[in-house]
Amino acid sequence: MRIFGQESMGRPDIELESEVNAVKKFFAKQFDESEIPEINAMMVFTSDDVEIDSGDAETPAMKLKQIKDFFRQKAKEKVLSAAEITAIKSRLPE
């Protein structure tokens, strides 16, 4: 496809793993091992023309329009305390 000027989609699954590891590495420098929050990732596709068949994938994959419902559903699960959120926000770069 690059011959015709289109860039390939790449491997978002590998890139995602790399980004999660980078966030974990950053938090490892900022927190004690026991204080590091759970890091979750998702693949978001911005095109409505995409057909997603994630099947039994470990990482959620969805269209941009589906994110709001996904976060509402996840908000009912494990929630970080206000103290945990404050601790995370205070250690993030501005």
Practice prompt. Could you tell me whether residue 29 is at pLDDT 90 or above and either within 29 Å of residue 10 (Cα to Cα) or charged (D, E, K, R) (or both)?
Written response: yes
Discussion item. Name the single residue that is farthest from residue 90 (Cα to Cα) among those in segment 18-33 being part of a helix (DSSP H, G or I) and charged (D, E, K, R).
Written reply: 19
Discussion item. I'd like the residue in segment 48-64 that is within 16 Å of the chain's Cα centre (by Cα) and more than 26 Å from residue 34 (Cα to Cα) and, out of all such residues, is modelled with the lowest pLDDT.
Written reply: 54
Worksheet item: List, please: which pairs have Cβ atoms under 8 Å, are six or more places apart or on different chains, and start with a residue in segment 56-68 that is in a loop (DSSP other than H, G, I, E, B) and end with one that is of a type in the set (S, T, N, Q)?
Response: 60/54
Worksheet item: Regarding residue 74, is this residue assigned to a helix (DSSP H, G or I), more than 15 Å from residue 30 (Cβ to Cβ), within 14 Å of the chain's Cα centre (by Cα) and not aliphatic (A, V, I, L, M)?
Response: yes
Discussion item. I'd like to verify a number: residues in segment 23-47 that are within 12 Å of the chain's Cα centre (by Cα) and among the hydrophobic types (A, V, I, L, M, F, W, C), how many?
Written reply: 6
Worksheet item: Looking at (1) under 16 Å from the mean Cα position of the chain (by Cα); (2) polar (S, T, N, Q); (3) part of a helix (DSSP H, G or I), which is the only condition residue 90 fails?
Response: (1)
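The values are calculated or read from the model by the stated rules, or taken from the named source; none is laboratory data. Every value quoted in this text rests on a predicted model; they were computed, and no experiment measured them. Every residue, glycine as well, gets a Cβ built from its backbone with ideal geometry; the counts of neighbours run over all protein chains shown.
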